[in-house]
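K.L.:
First the structure, which I've put down as structure tokens, then a few questions once you've had a look.
Values in this text are rule-based calculations from the coordinates and carry no lab data. Quick caveat: nothing in here was measured; it's all calculated off a predicted structure. Because the Cβ atoms are built from the backbone with ideal geometry, glycine has one as well, and the counts that use them run over all protein chains shown.
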Amino acid sequence: MSFYRLESTINLIEGYSRQFIVDGEDMLLVHSGGLTRLISTACPHDGYPLKKAKLANGCIQCPKHRICFSLDNGRALGGEAVADVAGLNRYDLAEVDGETGIYI
Ligand code: FES
């Protein structure tokens, strides 16, 4: 496995969102509420692209049906109304010499 650099960690500020294609997979690197996550670009609800989703308070809100997902645990927020919605598809991140990336 080798380290694939995505972004300098110092650049990961509130509201950061950038799309990457890594190993043929469409991924979104996001940062909010002190949390950095690498997630699938497709919303787990209905596949809508999350690249223009709002980020705030450690959550990402899909533009299509406005469901918010926690960056902490990946779950949809909203109680019973979203109980059947799958969580965010997340990838493991790593940090090497001040660079955030993924091992592939
Ligand atoms: S497709 Fe994202 S909330 Fe429905």
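K.L.:
Between Tyr103 and His65, how many nm apart are label points set 7 Å from Cα along the C-beta direction?
P.N.:
Rounded to a tenth, the inter-label distance reads 3.6 nm.
K.L.:
GNM, the chain, Cα, under 10 Å: largest mean-square fluctuation among Ile21, Ile60, Ile13?
P.N.:
Highest fluctuation among the options: Ile21.
K.L.:
Kirkwood hydrodynamic radius for segment 3-103: how many Å is it when counted over pairs of different Cα atoms? Don't jump to the answer; show the numbers that get you there.
P.N.:
Details: mean 1/r = 0.0735 Å⁻¹.
For segment 3-103, inverting the mean 1/r across all distinct Cα pairs yields 13.6 Å.
K.L.:
Find how much the distance from Ala83 to Leu35 grows on full extension, using 0.36 nm per residue of separation minus their present alpha carbon separation; answer in nm with one decimal. Show your work: numbers first, answer last.
P.N.:
On the way: separation 48, 0.36 × 48 = 17.28 nm, distance 2.31 nm.
Fully extending the segment from Ala83 to Leu35 adds 15.0 nm.
K.L.:
Under a point spin-label approximation (7 Å from Cα along Cα-to-Cβ), what is the Lys51-Met1 distance to one decimal in nm?
P.N.:
Taking the two extended label points, one gets 2.7 nm.
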